[in-house]
Amino acid sequence: MASIRSLFASVALSASLAASALAAPFPEKPVRVVVPWPPGGPSDTLARLVMGKAAETLGQAVVIDNRPGASAVIGTEAAAKAAPDGYTLLWVIANHTTNHLLFKVTYDPTKDFTSVGQVALSSYLLLVNPDVPAKSFKEFVEYVKARPGKIAYASAGNGTLQHLGMELLRREAGLDMVHVPYKGSAPAITDLLGGQIQATFEASNSVLAHVRAGRLRALAVATQKRLPQLPDVPTIAESGYPRFEVVGFTGIVAPAGTPAGVIRVLNSAVAKALGNSEVREKMATMGLEPASSSPEQFRAFLLSEIPKYSKILKESGAKLD
């Protein structure tokens, strides 16, 4: 009889401890955000801005853990293996939906992660070196068509949005161009500035300073709306291709299995940060649009992006870097 009472007491104690664990406030320690890009770059800068403000709501420090390499694969694989407790998050951009199509990865971008929420949208620009005589999108199309296979465009690597955006444009406008993939945006922009490459597609937040200084020429915007920071630059959609749109995005995911309650706390903190006027002003100067969303909305968005770009990748014949 005593042993039965002991058993019930043990079960009750275990249940009590489990209930206490479930009721424990989140977070109780610093939250780590894996940024799979180098310090000082656009993704790192945005992560520090937004998560620094989110930390005030969470009541705990947020530590940015830069894990660059292999087009974000190294950091993503590290985050996928982390405990699903909300204390490790992953900062993602567009190539989160395409890397598994190009690289041998140990994770599935949707099955091995749960969405926390979207953070920002970014406009992409069609850019040329000023030595290229084309002064408009129409002139650029004519210039390339007159030189089939002779005009080179740069990207940050196979499968990046820079690559996919230009491939979509090539297909829509019937352009014959040479793709030169780089290991990141920085070296691609450097060679574009130097004239070794004639054109590229690039996120506006990475190149606005160069455009304003006249070091690069922006011919068109890839989104459906003009960019407020460059109101005189037309969209590709209004230049004869009404359905054309390429939008960069930034968001946050966590390892699959992270409790829904924890996800809600994180989502709320990020949403509050994105509503902060100082954060919004700084994002505007970076050419970024705050884009808060629910976890469900962000997951649906990610799922819609994969088939959209997988078709372009197959048609482009892109191989592993």
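The values are calculated or read from the model by the stated rules, or taken from the named source; none is laboratory data. Quick caveat, the model's predicted, so the values are computed rather than measured. Methodologically, a virtual Cβ is constructed for each residue, glycine included, from the backbone with ideal geometry; neighbour enumeration extends over all protein chains shown.
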Filtered residue count, the range 206-240, keeping only those that are of a type in the set (Ser, Thr, Tyr) and part of a loop (DSSP other than H, G, I, E, B): 1
Filter the range 52-82 down to residues that are among the acidic types (Asp, Glu) and either within 17 Å of the chain's Cα centre (by Cα) or buried (at least 18 other Cβ atoms within 10 Å of the Cβ) (or both), then give me how many there are. 2
Leu102 - would you say it is farther than 30 Å from Ser204 by Cα, at pLDDT below 95 and in contact with a helix residue (DSSP H, G or I) (Cβ under 9 Å, 6 or more places away or on another chain)? no
Residues being buried (at least 20 other Cβ atoms within 10 Å of the Cβ) and in a loop (DSSP other than H, G, I, E, B): count how many of those fall in the range 26-51. 3
Restricting to the range 52-76, and then to whatever is in a strand (DSSP E or B) and touching a helix residue (DSSP H, G or I) at 6+ places or on another chain (Cβ under 6 Å), can you tell me which residue is farthest from Gly159 (Cα to Cα)? Val62
Of the residues Glu289, Glu278, Glu315, which is surrounded by fewer than 16 Cβ atoms within 10 Å (Cβ to Cβ), modelled with pLDDT of 90 or more and acidic (Asp, Glu)? Glu278
